[in-house]
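Report on the following structure.
Bear in mind that the values in this text are calculations on the coordinates, not laboratory data. Just so you know, these numbers come straight off a predicted model, no measurement behind them. With ideal geometry, Cβ positions are generated from the backbone for all residues, glycine too; neighbour counts draw on all protein chains shown.
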Amino acid sequence: GTRIPIKGVLAELGYFQDTQVGELVADMMGARALTIILVDEEQSNDLERRLKSMRDIRHWPGVMTMELVTKKKKQHRVAADGTIMLPDVRASGFEGYVVNMVVPREEGLRETLWFHMLSNAMLFTEEKQGLAYRSQQFANGQSCPNIVCRNPPRTLSGSGSKRLGAPRPLVQFRDPPLEKRPTLLRKEAMERSVADHGAALERFNQAKQAEEAALYSLREAEQALQKAQDDMAQCDTDQASSSSSSSSISPSSGEKRGRGSDPSSATKKRR
């Protein structure tokens, strides 16, 4: 069949460092945690029809596209640490917004995909504290987001109901080892890889500069040696030329004896 560009299953696109929070969120989301996230809308309807036709799937996953999520994206203000700047809540037991506790697999997924799925869901320490906050919101005529509580583990719906019993999530938001999910790279690992490559490149550049300096020094030494050899050759040439000139000017010993007087020959002539 036709290959469909899938970004991943929602449960694979983020995790919670606090495992208890991850279990509470998975319980709150139910089958939505198995939502398949596509890159675009081109073939989402076709995939959804295929999934619905599989009768042996107990919890068939929904389908969502990043293109649709991006269209519905709200303009959130994002803090320096990557969390979304949501309304400040001063309530007893309030620990924070769940969306800011998820660790996205990719940069930019928190304010798009994860906010679309979790919205303003809150985490409270005690169930009674979450119930008190929800009651106060209703009394003030204001809406209330979904609430998850640590003790006891509960999910409080913003509509006024609550899920009883221990959480029974379909999935677990965990951080699997990097080598077991080669298609999902954490930002931290990518940054370390970039830093390592940068350091290696810096060492390479330093070695290259040292090599160039050594080659330059070698060329200078070769030029100096060549100049010394040329000077010695020139000196030998000059010395040879000087010796040749001296030989041509000085008379030979034979010529000197011919020009001198021979006493014996003069005595013979007088006789």
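Odds and ends about this structure:
- Within region 107-141: backbone nitrogen closer than 19 Å to the Met85 label point (7 Å, Cα to C-beta): 108-112, 115, 120
- Cα pair distances exceeding 15 angstrom across region 82-163, given as percent: 56 percent
- From most to least packed by mean Cβ count within 10 Å, the peptides 26-39, 111-124, 86-99 give 111-124, 26-39, 86-99.
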